[in-house]
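A short worksheet on the structure shown next.
The values are calculated or read from the model by the stated rules, or taken from the named source; none is laboratory data. Source: prediction; values computed, not measured. As a convention, Cβ positions derive from the backbone with ideal geometry for all residues, glycine included, and neighbour counts pool all protein chains shown.
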Amino acid sequence: MKKKITLKHIAKELDVSISTVSKALKNSEEISRDTKEKIQAFAKLYNYRPNNIAVSLKNKRTKNIGVIIPDIVHHFFATVISGVEKYANSLGYNVIVCLSDESFDKEVINMEMLANGSIDGFIMSLSSETQQKGDYNHIKEVTEQGIPLVLFDRVTNSVQCDKVIIDDQLGAYKATKKLLDMGKRNIALLTTEDYLSVGSERTRGYLRAHADSNIAVNDKNIFKMPTMEMEEALIRDFIANITLDALLCVNEIFAVFGLKVVKELGMKVPEEVSVIGFTDGLLSKYSNPSLTSIAQHGESMGETAAKMLIKRIEDESEEEEYFQTKIIEPTLIEREST
């Protein structure tokens, strides 16, 4: 993405103060004619445009934050929203939640609706369709307008903004290593296609754990679902046609259903097959047997995202932007399924 020129850049190039640049561009009588003409010509040459939306937000905030999530079913997203709300509400901000339902078009509509002055900034997790398309122009347009954005969980390097993620690769590594250390040698991985950032990283963690233990991976034991949507027939067919002594799933719903299928096929859990999933929500705690999980710490992720966003919203400095990616370490919660 082409870097936008700022008041600070102009001031540095022409060896004047930021205040002088600002006044010259407003045609202030305080600045000499020669200086004004020089600054205005430079700004025109480099296509400088004042960030009117950002200025408006700083001068007249709505105290509203927009949160866009891809799915309302998964417990993880509910905990993220809880974390966002607790921190935002404590500082007097309201939270408006929209659902993309894994749809690129709905994500675009939600952003356009909220970016018309309804909110001061966005916190969002990308829809699966957006990541599959690789089309992030609607997000770039929002950030180029000066509206702050924090991406969480499902992120992309194509957009320059603050991000909060868990170490997905480490989470899958911990889970796989746990199973390998238990003596499991046929660990099935139920994940997603690699266009989903979380699926790609969790697959890498699974493969790295095998490599570090000098244990070969049977490619037939890896099944990549086309989306995060539950497709029971695909999962049943995968599990029924492989030899497995453990099952690692990319999310909680896949894991709970996988556990059910394993039991239906007459295999005992955990005696014959161990099962681990991601999220550590209510389904994991109350399944039978209870499910060993990788905790993603959604509430902490939501709080961190809200802190980063509100700091951006309330920062009135002209300093050059440096975006951060904060990584939260996942935790392995052991229960009856292992």
Residue check, Ser56 modelled with pLDDT of 85 or more and not charged (D, E, K, R): no
Every listed condition ((1) in a loop (DSSP other than H, G, I, E, B); (2) within 13 Å of the chain's Cα centre (by Cα); (3) under 20 Å from Ile313 (Cα atoms); (4) not aliphatic (A, V, I, L, M)) holds for Gly146 save (2)
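Quick check: anything in the range 243-255 under 23 Å from the mean Cα position of the chain (by Cα) and more than 17 Å from Arg335 (Cβ to Cβ)? Let's see the steps before the verdict.
Filtering the range 243-255 for residues under 23 Å from the mean Cα position of the chain (by Cα) gives 248-255.
Checking the rest, the ones that are also more than 17 Å from Arg335 (Cβ to Cβ) come to 250.
Yes.
Does the range 173-187 contain any residue that is under 30 Å from Ile276 (Cβ atoms), part of a strand (DSSP E or B) and either at pLDDT below 95 or assigned by TED's automatic domain parsing to the domain that holds Ala255 (or both)? Break it down into steps so the answer makes sense when it comes.
Here is the first cut: in the range 173-187, the residues under 30 Å from Ile276 (Cβ atoms) are 173-187.
After this cut, where a residue has to be part of a strand (DSSP E or B) as well, the list is 187.
With the extra rule that they be either at pLDDT below 95 or assigned by TED's automatic domain parsing to the domain that holds Ala255 (or both), the set shrinks to 187.
Yes, because at least one residue in the range 173-187 is under 30 Å from Ile276 (Cβ atoms), part of a strand (DSSP E or B) and either at pLDDT below 95 or assigned by TED's automatic domain parsing to the domain that holds Ala255 (or both).
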Subset of the range 271-294, residues out of contact with any helix residue (DSSP H, G or I) (no Cβ under 7 Å at 6 or more places or on another chain) and surrounded by 20 or more Cβ atoms within 10 Å (Cβ to Cβ), comes to Asp280, Thr292
Here the qualifying pairs (Cβ atoms under 9 Å; residues six or more apart or on different chains; first in the range 260-273 and free of Cβ contacts under 8 Å to residues at least 40 places away in the same chain; second among the hydroxyl-bearing types (Ser, Thr, Tyr)) come out as Lys260/Ser287; Val273/Ser337
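Does Leu291 fit the bill of being closer than 21 Å to Ile165 by Cα and at pLDDT 95 or above?
no
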